[in-house]
Amino acid sequence: MNIGAVLDAAERALADGRGLKGTGFWPAVAILRKDRTLAKRYARRVAAIDREAFEAGVRLRVPAWLGTSVLALGTGVGVVAVTFNHPLIFLVGFGALELSTHSLTHWVVGRLVGIRFTHYFLGGPPPPRPGAKTDYESYLCSTPMRRAVMHGSGAVVTKIIPFVLV
């Protein structure tokens, strides 16, 4: 596969307002994820394409600094609320913790392993929930193990919180 030609096609498609479908962009990225030398060569260009496609397709988004601040605030509210001896307030706190810590944990662990983030967004299958958008340059240049740790971290925290609160 000619990675450069695929990236050219992806850039043209985005410039024409067509999106990435049919350009071979994601199969090329899959190759780059397995070859760190090749990934480092193309990472900045892939990140620019990925970011442009993301921003064109995702309307409900905020910059990473703002999303991190909101989720940290939600985590703080949740921690305080679960200390109240009232079932409804406890449930609100539990919900706040479940909602705010998943993506926040991706961000914290990602930053610890060298992965940066550009945005938070609302997405996923219903009900919508916050997601963290990686900076694809730092993501591609990271090791597969570090990427896996970042991806798994949110799920681990989401599973631990109910047990801690019990």
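The values are calculated or read from the model by the stated rules, or taken from the named source; none is laboratory data. For clarity, every value in this text was computed on a predicted model and none was experimentally measured. Every residue, glycine as well, gets a Cβ built from its backbone with ideal geometry; the counts of neighbours run over all protein chains shown. Remember, those area values only see protein heavy atoms, side chains included, never the ligands or the DNA or RNA. Shrake-Rupley method; radii C 1.70, N 1.55, O 1.52, S 1.80 Å.
General observations
- Average accessible surface for region 59-166: 57 Å² per residue, computed with a 1.4 Å probe over protein heavy atoms with every protein chain in place.
- Residues in region 153-160 carry Karplus couplings, in order, of 4, x, 5, 4, 5, 4, 7, 6 Hz; the curve used is 6.51 cos²θ - 1.76 cosθ + 1.60 with θ = phi - 60°, and Gly or Pro positions show x.
- Debye log10 I(q)/I(0) at q = 0.14, 0.17, 0.19 Å⁻¹ for the chain, Cα point scatterers: -0.78, -1.03, -1.20
- As a calculated quantity, the FRET efficiency between residue 166 and residue 72 at R0 = 25 Å, using C-beta atoms, amounts to about 0.55.
- A P(r) calculated from all alpha carbon pairs of region 70-109, with 5 Å bins opening at zero, reads 6, 31, 30, 18, 10, 4, 2 percent.
- Note on exposure: 102, 119 ranked by accessible area (1.4 Å probe, complete protein assembly) read 102, 119, with the most exposed listed first.
- Prolate/oblate/rounded label for region 1-69 (Cα gyration tensor, a/c 1.5): oblate
- Rounded percent of accessible protein surface that carbon and sulfur make up, the chain, 1.4 Å probe: 66 percent
- When nucleic acids and ligands are ignored and a 1.4 Å probe is applied, residue 135 ends up with an accessible area of around 30 Å².
- Scattering profile of region 57-136 at q = 0.19, 0.25, 0.27 Å⁻¹ [log10 I(q)/I(0), Debye over alpha-carbon scatterers]: -0.80, -1.12, -1.21
- Applying 0.36 nm per residue to the separation of residue 55 and residue 80 and subtracting their alpha-carbon distance, the gain on full extension is 5.5 nm.
- Between region 8-67 and region 78-104, the alpha-carbon centres lie 36 Å apart.
- Remark: region 48-55, residue by residue, has Karplus-estimated 3J(HN,Hα) of 5, 5, 4, 5, 4, 5, 4, 5 Hz, where x stands for each Gly or Pro and the curve is 6.51 cos²θ - 1.76 cosθ + 1.60 at θ = phi - 60°.
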